[in-house]
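The values are calculated or read from the model by the stated rules, or taken from the named source; none is laboratory data. Since the structure is predicted, the reported quantities are computational estimates derived from the model, not experimental observations. Note that we place each Cβ from the backbone using ideal geometry, even for glycine, and neighbour counts take in every protein chain shown. These accessible areas exclude ligands, DNA and RNA; they are computed on the full protein's heavy atoms, side chains included. Shrake-Rupley method; radii C 1.70, N 1.55, O 1.52, S 1.80 Å.
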Amino acid sequence: MSVANNNVPITPIVRVALAVPLCRLFDYRTPPEDTLTPEDIGRRVRVGFGKRSCIGVIVALADTSELPVEQLKPIEAVLRDTPALPADWFRLTEFCASYYQVPLGEVMLSTLPAGLRRVDPPKARVARRLSKPRVAQEAPELNDEQRQALEIIAAAGPGFHAYLLHGVTGSGKTEIYLRLIERALAAGHSALLLVPEINLTPQLEARVTARFPEAGLVGLHSELAEAARTRNWKAAHEGRARIVLGTRLAVFTPMPELGLIVVDEEHDASFKQQDGMRYSARDVAVFRAHQQGIPIVLGSATPSLESWANACDSSTPARYSLLSLTERAVIGARMPAVQRIDTRSEKLQDGFSGVLLRAIAGRLERGEQSLIFLNRRGYAPVLACAQCGWVSRCQRCAANLVLHLADGRLRCHHCGFESRVPRLCPTCGNQDIQPFGRGTQRLEAVLAERFPRARILRVDRDSARSRKQWEALLERIHAGEADILVGTQMLAKGHDFPRLTLVGVLGADAALFAADWRAPERLFAQLMQVAGRAGRADLPGEVLIQTQFPEHPLYAALVRHDYPAFAAALLEERRQAGFPPYAYQAMLRAEAPQMADAIAFLATARAWPRVAEHADVMLYDPVPMRLARRANLERAQLLAESLSRRALQAFLSEWNGALESIKAPSKLRWHLEVDPLEF
Ligand code: ADP
Ligand code: ZN
Ligand code: ZN
């Protein structure tokens with residue numbers, strides 16, 4: 001061991017985490033001209049790896065390595081442009097690596113903004129000048145329910161507590177978050193506010209900034225330009241930004257003095273990352289709060305059943321405290337009246353019932369807005385020839401090509417393949433090929449024909465491809481530039497449209513009987529959300545649901561705005577079926593050009609000899625995925641399940657190692673997903 005000038009012992013070997021798919025760290029030598037001390041643990045370094053250079057994070061300093069020191073490469077550079085990553089960030093990434101079965105280096109590097117992961121980041125432009133802090137906007141006076149909720153949180157004192165804030169849309173949940181942030185700031189803490197991608201709008205940023213103009217709020221989301229994201233992340237890491245408002249990736253932001261985490265719309269599927277490290281930002285947030293000993297608030301009008309069970313399942317000790325806001329905060333604002341329209345007894349006109357059409361006409365006369373909700377974009381889900389049976393199939397997926405008349409394309413929603421709309425049937429030459437079914441574009445066309453003077457605006461992923469387009473659309477809606485909105489779930493989320501008094505729901509029945517057992521949970525959440533758009537203080541709202549199953553308990557609960565009853569019924573079903581949250585799952589997926597190869601890989605994984613030692617874990621048979629082919633790859637999956645999270649974790653950490661040594665064709669890819677949401 002050598003000794004530095006100031007008598008701090010230094011060690012020559014630097015252990016570095018790199019973003020490579022290997023479960024190990026890499027040793028380097030300290031360059032002769034540099035001196036590293038334990039304070040440098042958590043700094044980024046540039047190192048040579050193979051023939052290239054890459055960025056890593058110093059995880060430890062050591063005296064010895066498997067190789068003699070002389071054979072180790074020296075570090076190319078220690079990057080001192082940001083403070084070292086802190087110990088709590090290490091613990092958080094270590095937890096994720098172990099829980100989600102991802103190599104530590106991949107976790108660590110993937111949580112950093114791209115600008116800090118690159119060997120030669122683009123020159124940062126001149127930093128944005130911060131606008132002058134304004135005078136803080138005043139908070140409204142709290143109502144009784146809000147006050148009660150805040151008192152419960154205050155009474156619990158410091159330390160880890162998880163709260164589930166259940167409140168209907170407009171019940172003042174955001175106001176609660178703001179009050180909690182206020183308290184955290186006053187105590188010298190910073191606060192992390194996580195929202196779904198689509199809810200992170202300039203309006204929300206403005207609302208939080210207006211309340212805390214001095215807190216240096218920064219936003220962190222995937223559509224920020226690289227330089228801006230790096231700048232914002234640094235501001236948080238260095239403690240200059242006391243509030244971070246971000247989407248799922250922001251959960252990893254190192255923040256000194258973090259004192260509060262809020263996850264708004266905690267049930268939202270966008271908190272789940274679907275590739276790379278497949279993590280749930282909500283779950284990671286709860287872990288982080290626990291680890292740092294701070295409160296966390298999960299808010300939703302329709303909590304995930306996982307969270308609801310943690311708060312309300314009487315059969316297990318409550319892990320979360322339930323806080324309820326049952327009424328809209330603005331005085332006089334009522335919940336909209338929800339009605340079912342029985343479509344069995346009525347002939348629909350281009351998909352619309354007479355009741356719904358008359359309701360729209362009434363809104364047009366009164367200068368109010370209507371919203372037609374259909375969770376299917378495009379003009380029609382398929383184009384078909386009645387003469388020979390041809391249908392527009394994707395050549396690369398086990399799926400249909402969706403007709404997009406707006407730009408004359410057939411498009412696959414799974415792989416992005418597209419082609420021109422044929423004029424004739426490609427197999428028999430028939431000129432009369434027909435669209436089947438309906439998407440938002442078709443509804444838009446139908447409404448334009450029926451209400452020629454109405455201004456109709458369609459909002460879906462086709463009309464709002466980028467955040468910019470989405471925000472432009474929102475602005476037009478707010479400016480009152482639309483009489484009828486037609487849209488998918490994009491429209492359902494977190495926005496107040498002042499003159500919107502009617503919501504019509506089409507095509508919801510499909511989700512009642514979908515093969516995915518989580519579909520009803522998602523449908524209920526979507527419908528609650530979209531219903532929440534209707535009605536303000538002075539203009540009561542109405543929701544009309546077209547259905548062939550008006551007696552279905554899901555719709556009945558919706559009419560009563562009764563999430564708790566619906567959740568209790570679903571939880572009981574889940575318990576009897578042994579589904580999550582009463583079981584813990586992990587999914588092993590494989591894809592390959594040949595289905596047989598994918599299945600064979602999974603079968604080998606299933607036949608791992610030591611499975612028998614994990615009696616608490618059940619492995620199902622390998623099966624093709626529901627979308628069995630995507631982008632020319634055949635896909636299959638194998639479910640692992642246990643009643644004990646711990647048992648499943650113990651199994652996975654051994655099994656994952658065994659999977660890596662299975663010999664598979666070179667084109668086969670596999671991954672493991674812990675707590676999968678989609679099947
Ligand atoms: P949520 O987040 O539950 O949708 P918000 O906090 O956004 O609800 O509140 C909905 C509306 O009610 C907002 O316009 C907000 O300013 C207002 N509001 C919230 N709390 C109060 C209150 N105590 N008194 C009056 N208005 C309130
Ligand atoms: Zn044909
Ligand atoms: Zn496709």
Report task. Return the percentage of antiparallel bridges among DSSP beta bridges fully within the chain, rounded to the nearest 5 %. Result -> 55
Report task. Compare the Cα positions of LEU659, HIS671, THR604 along the charge dipole of the range 584-674 (+1 at Cβ of Lys, Arg; -1 at Cβ of Asp, Glu; about the Cα centre) and return the one farthest towards the positive end. Result -> HIS671
**Report entry** Extension gain (nm, one decimal) between ALA607 and THR64, 0.36 nm per residue minus Cα-Cα
**Finding:** 191.6 nm
Query raised in the report: Mean separation of Cα pairs under 8 Å and 6+ residues apart, divided by the residue count of the range 581-671: what relative contact order is that in percent?
Result: 43
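R0 = 41 Å: FRET efficiency of ARG147 with GLU223, Cβ-based, nearest 0.05?
On the way: r = 37 Å, r/R0 = 0.90.
With a Förster radius of 41 Å, E is 0.65.
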Requested in this report: List the residues whose amide H sits under 5 Å from the amide H of ARG458, counting only those 5 or more places along or on another chain, with H placed 1.01 Å from N in the peptide plane.
Outcome: VAL486
Report summary line: Amide H contacts under 5 Å for LEU79, restricted to residues at least 5 apart in sequence or on another chain and with H modeled in the peptide plane, are ARG44, VAL45, ARG46
Requested in this report: Would you calculate a helix-derived [θ] at 222 nm for the chain, using -39,500 (n - 2.57) for each DSSP H run of n ≥ 4 and dividing by the full residue count, to the nearest 500?
Outcome: -8500 deg cm²/dmol
Query raised in the report: Each residue of the range 106-118 in turn: what ³J(HN,Hα) in whole Hz from Karplus with 6.51, -1.76, 1.60 and θ = phi - 60°, glycine and Pro shown as x?
Result: 5, 4, 4, 5, 5, 7, 8, x, 3, x, 9, 9, 9
Report task. About the Cα centre of the chain, how large is the charge dipole given +1 on each Lys and Arg Cβ and -1 on each Asp and Glu Cβ? Please answer in debye to the nearest 20. Result -> 1900
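Relative to the Cα centre, what is the charge dipole magnitude of the range 432-474, using +1 at the beta carbon of each Lys and Arg, -1 at the beta carbon of each Asp and Glu, and rounding to the nearest 20 debye?
Numbers: 10 positive and 6 negative charges, 42 e Å.
I would put it at about 200 debye.
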Requested in this report: Can you send over the carbon and sulfur percentage of the accessible area for the range 452-522, probe radius 1.4 Å, protein chains only?
Outcome: 50
**Report entry** Two-site label geometry, ARG396 and ARG52: point separation in nm, points 7 Å out along Cα→Cβ
**Finding:** 2.3
Report summary line: For the range 432-438, Karplus-derived ³J(HN,Hα) couplings (6.51, -1.76, 1.60; θ = phi - 60°; whole Hz; x for glycine and proline) come out as 9, 8, 10, x, 10, x, 9
Query raised in the report: Short version: ³J(HN,Hα) in whole Hz for each residue of the range 587-599, in order, from phi by Karplus 6.51 cos²θ - 1.76 cosθ + 1.60 (θ = phi - 60°), x for Gly and Pro, what are they?
Result: 10, 9, 10, 9, 9, 7, x, 10, 4, 4, 5, 4, 5
Report summary line: Surrounding charge for PRO665, neighbours by C-beta under 14 angstrom, Lys/Arg +1, Asp/Glu -1, total 0
Report summary line: Once amide hydrogens are built 1.01 Å from N within the peptide plane, the residues lying 5 or more places from LEU323 or on another chain with amide H under 5 Å from its amide H are LEU164, LEU165, HIS166
Report summary line: For the chain, the per residue accessible area (1.4 Å probe, Å²) is 46
Requested in this report: Starting from the Cα of ARG476, step 7 Å toward the Cβ, then list every residue of the range 424-463 with an amide N under 13 Å from that point.
Outcome: 455-460, 462-463
Requested in this report: Could you work out how far helix 563-577 tilts from the main Cα principal axis of the chain, as a 0 to 90 degree angle to the nearest 10?
Outcome: 70
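Return the carbon/sulfur percentage of the accessible area of the range 144-325, one whole number, probe 1.4 Å, all protein chains in place. Walk me through the intermediate numbers first.
Numbers: 3110 of 6010 Å².
Here carbon and sulfur together make up 52 percent of the probe-accessible area.
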Query raised in the report: Mind ordering 422-432, 612-622, 333-343 by average Cβ neighbours within 10 Å, highest first?
Result: 333-343, 612-622, 422-432
Query raised in the report: When the label point is put 7 Å from the Cα of VAL355 along its Cα-to-beta-carbon vector, which residues of the range 513-549 have a backbone N closer than 17 Å?
Result: 531, 541-549
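I'd like to compare 257-267, 581-591, 646-656, 447-457: which one has the highest average count of other Cβ atoms within 10 Å, and what's the full order after that?
257-267, 581-591, 646-656, 447-457
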Query raised in the report: Relative contact order for the range 144-325: what is it in percent, counting Cα pairs under 8 Å that are at least 6 residues apart?
Result: 35
**Report entry** Mean separation of Cα contacts under 8 Å (6+ apart) over length of the chain, as relative contact order %
**Finding:** 11
Report task. Could you tell me how many degrees, from 0 to 90 and to the nearest 10, lie between the Cα long axis of helix 645-660 and the main elongation axis, the longest principal axis, of the Cα atoms of the chain? Result -> 70
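Let me confirm the definition first: pairs of Lys residues in the chain, 8 or more apart or on different chains, C-alpha distance under 19 Å. How many are there?
Details: LYS51/LYS73; LYS123/LYS234; LYS173/LYS493; LYS272/LYS493; LYS468/LYS493.
Summing the qualifying lysine pairs gives 5.
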